[in-house]
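Trainee: Below: one structure in structure tokens.
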């Protein structure tokens, strides 16, 4: 049970290891320019392998098809819906979740985003039994990895999906033969990494440059951090820290060079490198400034 690319890495490996009888995904939502639905990575793989696909809008109400295939074990990874007790209690070997954090830290739907945004130095994956509460089940296995200072969401997402894939395959034999660990989570240590809100996407340049940099890389490329410039939304996908003191009000463009737009913050200038202005294509700043007068933007302020 899973939908995005994080789940895809797990599914591909799992399908070579066990007999996958059904893939459960979120309903198709995205469309291409011709109006055709874009299938999720997991659905596309299932179709290629001839595996049955089930896409309930509300799994709490539509789950009988899952019980009908009589699964011995259910594996979930970034599925996106709360799974009802009727499913959790059914499989012989339980419902197993691959979660992209070191639980009980960062329960929720966006643990990878928040690990970067929070400036964490490490993260990891947890293989766990599912229960009715969000990411609160017993831990079976964990593996950690460092978070480098400049890694972005897309890169960490990919690395954690492979880490989770491999840890799951290493752990499944112990689950099936009953020799696995079962560690209860310490509720006193719980933190949350809930789905990103619209408010969390907007950059406040009154914050420190490090916090802004972490926000930008923690949201890149989906959904993407943004700020408003002259009434237009500018998405910011990549930034760099500098040691240049800010001399203007926070959010003011102090300089523009081929390598970036230098913006004042609470402390140092932050350099915006990869951007997309509303109505324009995503590009590096060196391409953005072609055909515009840099002088017209220097001194302008992000809102």
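Trainee: Looking only at the stretch 44-65, filter to residues that are in contact with a strand residue (DSSP E or B) (Cβ under 6 Å, 6 or more places away or on another chain) and without any contact (Cβ under 8 Å) to a residue 40 or more places away in the chain; which one of those is surrounded by the fewest Cβ atoms within 10 Å (Cβ to Cβ)?
Mentor: Step by step, filter the stretch 44-65, then rank; the result is 52.
Matching residues to (1) under 22 Å from residue 147 (Cα atoms); (2) in the same structural domain as residue 126 (by TED's automatic domain parsing):
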site: 174; (1), (2): no, yes
site: 204; (1), (2): no, no
site: 220; (1), (2): yes, no
site: 237; (1), (2): yes, no
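Trainee: Among the candidates 207, 211, which residue alone is within 27 Å of residue 121 (Cβ to Cβ), in a loop (DSSP other than H, G, I, E, B) and out of contact with any strand residue (DSSP E or B) (no Cβ under 6 Å at 6 or more places or on another chain)? Before the answer, list the steps.
Mentor: Numbers: 211 fails: in a loop (DSSP other than H, G, I, E, B).
Only one candidate qualifies: 207.
Trainee: Right, another one. Go through the stretch 99-132 and count every residue that is over 27 Å from residue 175 (Cα atoms) and assigned to a loop (DSSP other than H, G, I, E, B).
Mentor: 4
Trainee: Let me ask another. Tell me, yes or no, whether the stretch 116-134 has at least one residue that is in contact with a strand residue (DSSP E or B) (Cβ under 9 Å, 6 or more places away or on another chain), assigned by TED's automatic domain parsing to the domain that holds residue 75, closer than 21 Å to residue 4 by Cα and at pLDDT below 95.
Mentor: Yes: one or more hits.
Trainee: While we're on this one: Could you pull out the residue among 289, 275 that is surrounded by 15 or more Cβ atoms within 10 Å (Cβ to Cβ), touching a helix residue (DSSP H, G or I) at 6+ places or on another chain (Cβ under 9 Å) and modelled with pLDDT under 95? Spell out how you get there, then give the answer.
Mentor: On the way: 275 fails: modelled with pLDDT under 95.
Exactly one residue qualifies, and that residue is 289.
Trainee: Which residue pairs have Cβ atoms closer than 7 Å, lie 6 or more positions apart in sequence or on different chains, and pair a first residue in the stretch 90-101 that is on the phi > 0 side of the Ramachandran plot and in the same structural domain as residue 158 (by TED's automatic domain parsing) with a second residue that is in a loop (DSSP other than H, G, I, E, B) and surrounded by fewer than 24 Cβ atoms within 10 Å (Cβ to Cβ)?
Mentor: Final answer for the pair search is 94/73.
Trainee: Test residue 40 against the criterion of being without any contact (Cβ under 8 Å) to a residue 12 or more places away in the chain and either loosely packed, with under 12 Cβ neighbours inside 10 Å or more than 16 Å from residue 66 (Cβ to Cβ) (or both), and give yes or no.
Mentor: Values: without any contact (Cβ under 8 Å) to a residue 12 or more places away in the chain: no; either loosely packed, with under 12 Cβ neighbours inside 10 Å or more than 16 Å from residue 66 (Cβ to Cβ) (or both): yes.
The answer is no for residue 40.
The values are calculated or read from the model by the stated rules, or taken from the named source; none is laboratory data. Not measured: the values here are computed from a predicted model. Note that each Cβ is placed from the backbone with ideal geometry, even for glycine, and that neighbours are counted across all protein chains shown.
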